[in-house]
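The values are calculated or read from the model by the stated rules, or taken from the named source; none is laboratory data. Quick caveat, the model's predicted, so the values are computed rather than measured. Cβ sites come from the backbone with ideal geometry, for glycine too, and all protein chains shown count toward neighbours.
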Amino acid sequence: MGDYEIGRVIYLVILLVAVGSWVFVQNRNSLGKAAQMFAVWIFIFLGVIASYGLWDDIRQTVRPQQSVAQETGRVEVPRSRDGHYYLTLEVNGTPVEFLVDTGASQVVLNERDAERAGIDTKALAYLGRARTANGEVRTASVWIDEISLGGITDRNLRVWVNEGELEQSLLGMGYLQRWSSIEIRNGALVLTR
């Protein structure tokens, strides 16, 4: 710890002693009540820290989920809080969450999702090029044995693996055009076969 950090710690200790002394003097006649209030504030503080630490898990629980009606060949996906639509498909039996991107011409997997789906990304030849909002990236073409959405399965689908930094795999028109109807109705994306 450097001199600057030691000085800050000493300052904070002096500040804590001064505030603690003031609280003690103000509440010396009712120390039990002051201890209760202190405990309440500690629990509030711990609750805020726990909520912050668990926010990603909480968000996944309350996020609207897709619904699949197999008998009618219809999938309804509610709009996420960030304004996008997310679909979870099984790629070679592995669940992969996709961002629906009508501006993408193909299905694009990031390397992490491709590896989870059984694709050896180290053996791929990244010969393709794609222009993205972040610039040009190298891509590799692969064929997926099976991609499923609910009970609706497509076989032998060509997808691209992105070598660059891609946070979310993209579900582009290469897959979406396999549906007879794509529409947005009442804040939900509706796909129909």
- [ ] Consider only pairs whose beta carbons are under 6 Å apart and that are at least six residues apart or on different chains; among these, list those whose first residue lies in the range 101-114 and is under 14 Å from Thr88 (Cα atoms) and whose second residue is small (Gly, Ala, Ser) and in a loop (DSSP other than H, G, I, E, B).
- [x] Asp101/Gly172; Val107/Gly172
- [ ] Please indicate, with yes or no, whether at least one residue in the range 154-177 is part of a strand (DSSP E or B), of a type in the set (Ser, Thr, Tyr) and modelled with pLDDT of 90 or more.
- [x] yes
Task: Which numbered condition Val159 misses (of (1) under 18 Å from His84 (Cα atoms); (2) among the β-branched types (Val, Ile, Thr); (3) surrounded by 12 or more Cβ atoms within 10 Å (Cβ to Cβ)) - done: (1)
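Yes/no per residue for (1) touching a Leu at 6+ places or on another chain (Cβ under 6 Å); (2) within 15 Å of Tyr85 (Cβ to Cβ); (3) touching a residue at least 12 places away in the same chain (Cβ under 8 Å):
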| residue | (1), (2), (3) |
| --- | --- |
| Gly118 | no, no, yes |
| Ala123 | no, no, no |
| Ile147 | yes, no, yes |
| Gly151 | no, no, yes |
| Leu166 | no, no, yes |
| Gly174 | no, no, yes |
- [ ] Could you check the range 75-152 for strands (runs of 3 or more DSSP E) lying wholly inside it with 3 or more residues that are farther than 13 Å from Gly164 by Cα and under 22 Å from the mean Cα position of the chain (by Cα)?
- [x] 86-91, 94-100, 135-149
Open item on the list: Return the residues of the range 164-193 that are within 22 Å of the chain's Cα centre (by Cα) and buried (at least 17 other Cβ atoms within 10 Å of the Cβ); say none if nothing qualifies.
Closed with: Leu166, Ser169, Leu170, Leu171, Gly172, Tyr175, Leu176, Leu189
Open item on the list: Checking Gln65 against (1) at pLDDT 85 or above; (2) assigned to a loop (DSSP other than H, G, I, E, B); (3) more than 21 Å from Trp143 (Cα to Cα), only one condition comes out false. Which one?
Closed with: (1)
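Quick grid of which residues meet (1) of a type outside the set (A, V, I, L, M); (2) at pLDDT 80 or above:
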| site | (1), (2) |
| --- | --- |
| Tyr4 | yes, no |
| Leu46 | no, yes |
| Tyr52 | yes, no |
| Asp57 | yes, no |
| Arg79 | yes, yes |
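Across the range 167-190, what is the number of residues that are among the hydrophobic types (A, V, I, L, M, F, W, C) and touching an Asp or Glu at 6+ places or on another chain (Cβ under 8 Å)?
5
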